[in-house]
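A short worksheet on the structure shown next.
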Amino acid sequence: MEEHGLSGEHVAENKRVAMKVGPGDSIKRPVIDYFDDSTPSRYTSDGCLGSRGRLPLGPVPMEATPTHKPGSQVQRSAEVVLSMLAPRMAATVGERLRRERIHTAADLAILDREDLRELGLTMVERSRVVLWARQTHYQLDVRSEESIGSRVRGDSFSLENMMEMPVSPALHPKSQHHDKMTRSFSLENEGLCEEDTDVSELLQHLDDVESRWDFWCNLVKESAAPLKTAVQQVEGVLHRRGSDAARQDHQGDLRENVLEKLFDLSSERLQEVYDSVDKDSDGLILKEELLEGLHRCELSGMDDGTVEKVLDVVGHGKSSMKLQEFESVLTRLKMAQLLSATRYENQAASDWLSIMDYNSQRIIEQRLCLRDYFFGHRRREFPMRWVHLHKFDLTLLLALTIKYQLHPLSVEDVVDQATTKLDRYGGHYFMAIEHFEIVGSTNGQEPVQVRGRHFTLFCAGPPHLDTILTVTQDDRSFSHDWPGETPSVLGSKEDGWVTRLHKRLRAVRSRSRERRTDFLMYEIIDLCTDDMIVVVRVYTARLKWLEDRFNMSKMGTEQSKVDWFNEVVLIKLQLAVVMRRLRGLQRILRRLMDDPDFASQLSGYLADVADHVNEALEGAGHLTDMCVALSEAYEHAEERAQNNMHRDDALARGVQDDRMNRLLGILTILTTVFTPLTFVAGVYGMNFVNQDGKPTIPELLLPNGYRDFWIFTIAYLVMASIVGCWIWRKVSGSVRKSELARNMSKGEASWGTWAYKTNMQNPTSSYAAMP
């Protein structure tokens, strides 16, 4: 694999070809149309990840990047023209240019003074622009028709030639005043042309110095040991934030005391520090001012000897330093401090990072060590880069923060794992997504297994859109938010969207490689949406399987019924979390569709993804209603079954009571019949005699007393039988009536059983019949 970097000759030529001028610096700040990894805010005023100096004008195709060569007539953007005419213009002017879609110099030339006032230009700046516009129109009047056609296309506005044109007296009554102004513009432009070569040499020298990681690491080992110790303590604090107690102790301290204090190297912060130490405001800082600037950026371990060495190497023998050089010193010292630990020495970047460089023709995966990647530059023939941090490491995240000059707020969201959101910090987009993906069976035969991952994305903003950075890690909130148990082994699987995106980029004719990183950002959102749709579909299959099992009455045991009901309730709770994640994707898509820079080229793609998210959200809502219907049908069926069971028990107890009552009735009748005979037999069976031994009961002395006893007994039994038959008939009638009522009750119970079985076979009809 070719080494990741540019030779000094190629770097100088590359940056000399693509040079423009940006506003607000003591020297004209170059703007490079490719994304240079080393110090992106130095080379790009609005396309780098960390820049917020000026907002972009819109996407610029890679094949038609406007360039600036001294003395050549080339296409100019409106912002470049304004940077020359009004180098001290407010930073908000670029934002208004983008919002009003003023892209080319032709668009700027047709504006009047009132329009320029609304853009935020001062009176002097408006006068300069109006004068330039009049000169432009004067030259166009004497051009051929072919040149006018080029002007309409925005291809023939040369600011150098416009400045040097004579002023028409008819157009400018105060010709003397305008002649002076025109001469001043011409002199400024000539100075710029002479300065281009110096700036190119400066950038070439800085690239060479920045790639010398051994030089920067030696400086850190010799003079920045206190800073290294401080950052190690910070890393320990960040690691302790994983526990609940540490999170409470350090809540709100990460950004203020760590990120903004030690790692805020955004373009605004660097400009602020540079202006504060540049006492004479001449655009150059001396050794003492450089030392003060390093101290302000928490590089307090640097002594005078080290600062002189830095000035000699970076300043190319000069005793002063410009803003670009100051920026290089800060970023390289910070990265050297972070990567000078033993565990990162000679370690391959692929252990933590996946670095994909590509163009429209092919793609390569860089195999570099960490130091070569962080201190080097990308190759010119591969303008697009995707960096993926697949193995989360806090030190490497901080190194990426320095390398790409990420905003502290976005880095804080990465560490704290912010909820699904989209922000734009100056020249780059930041996106955080709480992601779900299926890791188990998808046919619905087994319970659904979902893995939660948290990933964040940084994308270089327009007009460059050439670098994208993604960071994936385990979602710490997933175990708390997700209902049910989640096996820990699920987190070891590689992210599915990363694999699919690699496959798309490696395709023979990949549309992804033909586009810039905004399209890659869209594809990542689309892949995440596809994963969420798969989650909803798997839940649909699972609920269908549970419904079929309920309808076919395959739940034989009470435990299986309880498990079925518990799973339905659990699915309902899990779908609520899925819907919350889908609403987060909706918010991201709305923000992107409202962003004119992003939606101008991808509005159709974003609308398509938004439709998919809405469809998945509606599907999850329907499944939630289905869970409610199944739960209510199950509870209703169980209630009916319990009522029928209680009724059958009551009927069984009634039959048993009736049988007992009949037996008791018979015994009562028999007891009633034989009680008088028992009494008579008991009375006449007593042996009462007098003194002579004769019985005292007169009937016992009768000659026919025994015969009379049996006659009486038989007559009594006959009479009792007749009375008993009459009573029996009465009792039998009441028994038949009771049996008839009991049979009617049994018929109702049978109908209830049939209705229960019918309800078990079709629960939705029972749910629909409920009030």
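The values are calculated or read from the model by the stated rules, or taken from the named source; none is laboratory data. Model, not experiment: these values are computed from the prediction. Cβ: placed from backbone, ideal geometry, glycine included. Neighbour counts: every protein chain shown. Accessible surface areas use protein heavy atoms only, side chains included; no ligands, DNA or RNA. Shrake-Rupley method; radii C 1.70, N 1.55, O 1.52, S 1.80 Å.
If I filter the stretch 542-556 for residues that are out of contact with any strand residue (DSSP E or B) (no Cβ under 6 Å at 6 or more places or on another chain), more than 30 Å from I364 (Cβ to Cβ), basic (K, R) and surrounded by 19 or more Cβ atoms within 10 Å (Cβ to Cβ), do I get at least one hit?
Yes, the stretch 542-556 contains a residue that is out of contact with any strand residue (DSSP E or B) (no Cβ under 6 Å at 6 or more places or on another chain), more than 30 Å from I364 (Cβ to Cβ), basic (K, R) and surrounded by 19 or more Cβ atoms within 10 Å (Cβ to Cβ).
Restricting attention to the stretch 430-440, does a residue exist that is more than 9 Å from the chain's Cα centre (by Cα), buried (at least 22 other Cβ atoms within 10 Å of the Cβ), touching a residue at least 24 places away in the same chain (Cβ under 8 Å) and under 30 Å from D597 (Cα atoms)? Don't jump to the end; show me each part of the working.
Within the stretch 430-440, the subset more than 9 Å from the chain's Cα centre (by Cα) is 430, 436-440.
Right, trim to buried (at least 22 other Cβ atoms within 10 Å of the Cβ) and you get 430, 436.
Subset that is touching a residue at least 24 places away in the same chain (Cβ under 8 Å): 430, 436.
When the remaining residues are screened for being under 30 Å from D597 (Cα atoms), the result is 430, 436.
Looking for residues that are more than 9 Å from the chain's Cα centre (by Cα), buried (at least 22 other Cβ atoms within 10 Å of the Cβ), touching a residue at least 24 places away in the same chain (Cβ under 8 Å) and under 30 Å from D597 (Cα atoms), one finds at least one in the stretch 430-440, hence yes.
Residues of the stretch 380-398 being open to solvent by less than 10 Å² (accessible area, probe 1.4 Å) and touching a residue at least 40 places away in the same chain (Cβ under 8 Å), which ones?
The answer is M384, R385, W386, V387, H388, L389, T395, L396, L397, L398.
If I ask for residues that are out of contact with any helix residue (DSSP H, G or I) (no Cβ under 8 Å at 6 or more places or on another chain) and charged (D, E, K, R), which ones from the stretch 512-523 would you list?
E514, R515
Can you say whether S360 is surrounded by fewer than 19 Cβ atoms within 10 Å (Cβ to Cβ) and more than 21 Å from E272 (Cα to Cα), as far as the supplied structure shows?
yes
Would you check if L238 is modelled with pLDDT under 80 and either surrounded by 17 or more Cβ atoms within 10 Å (Cβ to Cβ) or within 34 Å of the chain's Cα centre (by Cα) (or both)?
On the way: modelled with pLDDT under 80: yes; either surrounded by 17 or more Cβ atoms within 10 Å (Cβ to Cβ) or within 34 Å of the chain's Cα centre (by Cα) (or both): yes.
When the stated conditions are applied, L238 passes them.
Residue check: is T517 under 30 Å from T470 (Cβ atoms), open to solvent by less than 10 Å² (accessible area, probe 1.4 Å) and in contact with an Asp or Glu (Cβ under 7 Å, 6 or more places away or on another chain)?
yes
Would you check which residues across the stretch 600-628 are touching a helix residue (DSSP H, G or I) at 6+ places or on another chain (Cβ under 6 Å), open to solvent by 20 Å² or more (accessible area, probe 1.4 Å) and in contact (Cβ under 8 Å) with a residue 60 or more places away in the chain and list them?
Y605, H612, G619, M626
When you scan the stretch 671-686, do you find a residue that is of a type outside the set (D, E) and closer than 30 Å to A741 by Cα, even just one?
Scanning the stretch 671-686 turns up at least one residue that is of a type outside the set (D, E) and closer than 30 Å to A741 by Cα.
Identify, please: which residue in the stretch 719-752 is hydroxyl-bearing (S, T, Y) and farther than 30 Å from T672 by Cβ and is, among those, modelled with the highest pLDDT?
Out of the qualifying residues, it is S745.
Restricting to the stretch 697-722, count the residues that are open to solvent by 80 Å² or more (accessible area, probe 1.4 Å) and of a type in the set (S, T, Y).
Number of matching residues: 1.
Can you find a residue that is of a type in the set (G, A, S), at pLDDT 70 or above and surrounded by fewer than 17 Cβ atoms within 10 Å (Cβ to Cβ) anywhere in the stretch 205-213?
no
Can you pull out the residues in the stretch 399-426 that are of a type in the set (G, A, S), open to solvent by less than 10 Å² (accessible area, probe 1.4 Å) and in contact with a strand residue (DSSP E or B) (Cβ under 7 Å, 6 or more places away or on another chain)?
Of everything in the stretch 399-426, just one residue is of a type in the set (G, A, S), open to solvent by less than 10 Å² (accessible area, probe 1.4 Å) and in contact with a strand residue (DSSP E or B) (Cβ under 7 Å, 6 or more places away or on another chain), namely S410.
Could you please tell me which pairs satisfy a Cβ distance under 6 Å, a separation of 6+ or placement on different chains, a first residue in the stretch 406-426 that is at negative phi, and a second residue that is surrounded by fewer than 20 Cβ atoms within 10 Å (Cβ to Cβ) and among the small types (G, A, S)?
Close Cβ pairs (under 6 Å, with a partner that is surrounded by fewer than 20 Cβ atoms within 10 Å (Cβ to Cβ) and among the small types (G, A, S)) amount to T420/G584.
Provide a single number: the residues in the stretch 307-355 that are open to solvent by 40 Å² or more (accessible area, probe 1.4 Å) and either within 16 Å of W216 (Cα to Cα) or in contact with a Pro (Cβ under 8 Å, 6 or more places away or on another chain) (or both).
7
Looking at (1) open to solvent by less than 10 Å² (accessible area, probe 1.4 Å); (2) within 20 Å of L203 (Cβ to Cβ); (3) modelled with pLDDT under 90, which is the only condition Q366 fails?
Among (1) open to solvent by less than 10 Å² (accessible area, probe 1.4 Å); (2) within 20 Å of L203 (Cβ to Cβ); (3) modelled with pLDDT under 90, Q366 violates only (2).
Taking the stated definitions as given, is L294 aliphatic (A, V, I, L, M), under 19 Å from S267 (Cα atoms) and modelled with pLDDT of 85 or more?
For L294, the condition - aliphatic (A, V, I, L, M), under 19 Å from S267 (Cα atoms) and modelled with pLDDT of 85 or more - is met.
Give me the residue from the stretch 455-486 that is small (G, A, S) and buried (at least 24 other Cβ atoms within 10 Å of the Cβ) and, out of that set, modelled with the lowest pLDDT. Walk me through it before giving the result.
Within the stretch 455-486, the subset small (G, A, S) is 460-461, 477, 479, 484.
Checking the rest, the ones that are also buried (at least 24 other Cβ atoms within 10 Å of the Cβ) come to 460-461.
Values: A460: 88, G461: 81.
Across the stretch 455-486, the extreme among qualifying residues is G461.
Provide a single number: the residues in the stretch 264-301 that are open to solvent by less than 10 Å² (accessible area, probe 1.4 Å), in contact (Cβ under 8 Å) with a residue 60 or more places away in the chain and assigned to a helix (DSSP H, G or I).
Looking only at that region, the number is 1.
Of all residues in the stretch 313-323, count the ones that are modelled with pLDDT under 85 and in a helix (DSSP H, G or I).
Residues in the stretch 313-323 being modelled with pLDDT under 85 and in a helix (DSSP H, G or I): 0 in total.
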